[in-house]
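Reading through the C-alpha cells given below for one structure.
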Amino acid sequence: MAQVSMTVRMDAGIKAQFEELCSQFGMSVNTAMNIFANAVVRKRKIPFEIEARESEAYLKGLESFKRIRTMAENGELPDLTLDEINEEIRLYREGK
C-alpha cells in the first residue's frame, strides 16, 4: 500500500506531552496516529466519546418551548387566526 505524509497542527505543549506518552508506550507518534486512523476507519466512528454542552441560551429556549407546548396541549393558548399569526411573526422579525 502506498504511503503518504500528513501534517497536523496542534498546541506545542500537547504535542510534547503526546510525544512523551507515545515514547512511554514504546511507539512513535506516527505509529499512534496510524493506530487512531485505523480504528476510525475500522469502527467507522471516533473511538471515544465527543460531547458538547448545550449553551445557556439553548437550554432556556428549550425550556420555553416545552412550557409553551404543554400550554398548547392543555388548551391554555388563545386561538389565533392565520393573519394574527403572520402579524406576530412580522413583529418578531422587526424586533418589536
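The values are calculated or read from the model by the stated rules, or taken from the named source; none is laboratory data. Fair warning: this is a prediction, and the values are worked out from it, not measured in the lab. Heads up, the Cβs are rebuilt from the backbone with ideal geometry, glycines too, and the neighbour counts pull from every protein chain shown. Remember, those area values only see protein heavy atoms, side chains included, never the ligands or the DNA or RNA. Shrake-Rupley method; radii C 1.70, N 1.55, O 1.52, S 1.80 Å.
Summary table below
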| item | result |
| --- | --- |
| Flag if Met33 is open to solvent by less than 80 Å² (accessible area, probe 1.4 Å), within 22 Å of Thr7 (Cα to Cα) and either out of contact with any Ser or Thr (no Cβ under 6 Å at 6 or more places or on another chain) or charged (D, E, K, R) (or both) | yes |
| Close pairs from segment 36-60: first more than 30 Å from Met6 (Cα to Cα), partner surrounded by 10 or more Cβ atoms within 10 Å (Cβ to Cβ), Cβ under 9 Å, at least 6 apart | Glu54/Leu62 |
| Selection count where residues are over 30 Å from Ala39 (Cβ atoms), part of a loop (DSSP other than H, G, I, E, B) and either among the polar types (S, T, N, Q) or in contact with a helix residue (DSSP H, G or I) (Cβ under 9 Å, 6 or more places away or on another chain) (or both), scope segment 49-77 | 4 |
